[in-house]
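The values are calculated or read from the model by the stated rules, or taken from the named source; none is laboratory data. A quick note: this is a predicted structure, and the numbers were derived from the prediction, not measured. No Cβ is skipped: glycine too gets one built from the backbone with ideal geometry, and neighbour counts run over all protein chains shown. Calculation scope for accessible area: heavy atoms of the full protein, side chains included, ligands and nucleic acids excluded. Shrake-Rupley method; radii C 1.70, N 1.55, O 1.52, S 1.80 Å.
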Amino acid sequence: MGCVVSAPKDAGGNRRRPGSIGELSVYVPGLRIPKPVDFAQSLGDYLSKNIVERLSALRTRIVVMAGQEGPTITRTKRKTQHGGSTLADLLQALEDYLPVVLGLVKNGSHLQYKVQFTWVNQEDDKEETTMSNAWYEVLSVLHLMAMLSLSQANLLLFPRSSSSNGHLPKVSEESRRASVDIFLKAAGYLDCAVKHVLPQLPVELRRNLPVDLAEGVLRALCLQALGQAIDIQLGMAIDSTKATLAVKRRLACEMVKCWQQAQDNIMNLPLANGWGEKHCLFVKWKYVEAKAAAYYYHGLILDEGNTEKSHGMAVAALQAADEYFKESKKLCEAFNAASPLSRNSPPWGTMKYLSEKIPKDTSSKVRINRDLYSYERIMETAPTLPDFSLALKPDEYQLPQVDSSWRTENIKVGQTDPNHLKGDK
C-alpha cells in the first residue's frame, strides 16, 4: 500500500530554518516543501504523455515557488513582478494541481502507489518523508494550503500606523474581518484532511506520517485557526458599543475551549524539535491568555450581582484573570525566545485592551473587598467558567472533482494486471 522512506534529521540539508521570523500575530509552524518528482519514469508506462507532462508542470511550479518562498514566507509580504502576492500565487498553484493529482486515486486506481512523493518536514525530527501513496501527496497539499492561509492571516493582522493622524499602529476592521474568513478557510482545509484524506491511508502509513501531518497536529491547527478567529471577533466586540458583557464572555469562553482542545491534541506528540517546540509554547500561551480574558468577563458579570457571595466570586474571578494574564506574559516571552526567534506585533485588539483593564479592575475590586488571597487560594476559589458550544465552524471544504483531462485519458495496457498491483505494495 505504498512504501515509506524517511531521511534522518538534517541528513540532506534540505530543511532551511530561519534564525528569526520577526513579528507575528499568527503562528505558522514552518512550511513543508515538496521535492521534485519524475512522473515520466513512474507513470510513463501507464499514462499518455500529455497527462504526465501536465502533472510534471503543475508540480514543478509548486516545487520552485515553495522552495523560493518557504524560508521567508512567514516574515515578509513579498510581491511578484506583476504585483500579485506570492502567497496567493502559491495557493493558486496548489489549487490547480490538486484536481489533477486526484486522478491518481480515482476509483481506487493502483496508480496511487506508483509515484514516490517526497516532502521536507519542519516539526518532525526526520529531515524528509517519502511515501509511495498519492493520498500522502493530497494530505501534504492540503496542509500546505492551510499553512499558506494562516500566513495570509498573519500578514493581514500586522498593525499599521496611520500617516495622516500619527496614531498608534492598528489593524483595520476590514483586515480583521478578512482574517476571520481566512482562518475559517484554513480550518476547512485541515478539517477535510482529517475527515476525508487521513482515512484513505492504511493504518501502517498513518503511523509513519511525520508529526507535521499527525492527526493531533492537524486537529490542533484547525482549532488554532478557530481560536484566533474568535479572538478577532472578541476584539471587534470590545470595540462595539452594542456588544454586551454576556457576548464578550461567551466569545472568551469559546476561545478557551478552542485552545484547551488544541493543547489536548498535541500534548502527547513528540513536538520537541525546533518549530514543534515553538508550536507547543504558542498553544500553551494562547490557552492561558484566553483564560485571562474569560475570567475577566466572567468576573465583571458576577460583580453585577447584589449578594456578598457574587461579589466575592467576582473578586476571585478577576484575581484569577490577573494571575493568568501575568502567566501569559511569561509564556509569551518563552515563545518568542524559542527558536526560531520571534517578537510580538505592537499591542492591539483584545489583549491591548485587557492588558490595561485586567490589572486596573482587579486592583480596584481587591481594594474594595480588602480580602487578599494567595495564588493557590485564588485558583481554588475561582468560579467555574460557563461552558458554551463553539459557534464558529470550519468552512465546509470539499476535495475538488478530478480534472476533466482524466476523462479522455486512455490508460495503457497492463494497468489492471494484478501483478502490477502486487509488485508495488
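What the table below lists for this structure:
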| read-out | value |
| --- | --- |
| Segment 328-363, residues that are of a type in the set (Asp, Glu) and either touching a His at 6+ places or on another chain (Cβ under 9 Å) or open to solvent by 70 Å² or more (accessible area, probe 1.4 Å) (or both) | Glu333, Glu356 |
| The one condition in (1) more than 21 Å from the chain's Cα centre (by Cα); (2) of a type in the set (Asp, Glu); (3) under 20 Å from Ala153 (Cβ atoms) that Glu254 fails to fulfil | (1) |
| Among residues of segment 242-257, those that are charged (D, E, K, R) and either part of a loop (DSSP other than H, G, I, E, B) or open to solvent by less than 20 Å² (accessible area, probe 1.4 Å) (or both), counted | 2 |
| Looking only at segment 304-319, and only at residues there that are at pLDDT below 85 and assigned to a loop (DSSP other than H, G, I, E, B), the one that is least open to solvent (accessible area, probe 1.4 Å) | Gly305 |
| Any hit, segment 50-71, residues being outside the structural domain of Gly276 (by the TED database), at pLDDT below 95 and assigned to a loop (DSSP other than H, G, I, E, B) | yes |
| Members of segment 258-268 found to be in a helix (DSSP H, G or I) and surrounded by fewer than 22 Cβ atoms within 10 Å (Cβ to Cβ), listed by number | Gln260, Gln261, Gln263, Asp264, Asn265 |
| Any pair with Cβ under 7 angstrom, 6 or more apart, that starts in segment 115-127 at a residue that is more than 13 Å from Val211 (Cα to Cα) and ends at one that is part of a loop (DSSP other than H, G, I, E, B) | Val115/Val37; Val115/Ser132; Gln116/Ser132; Phe117/Val37; Thr118/Lys35 |
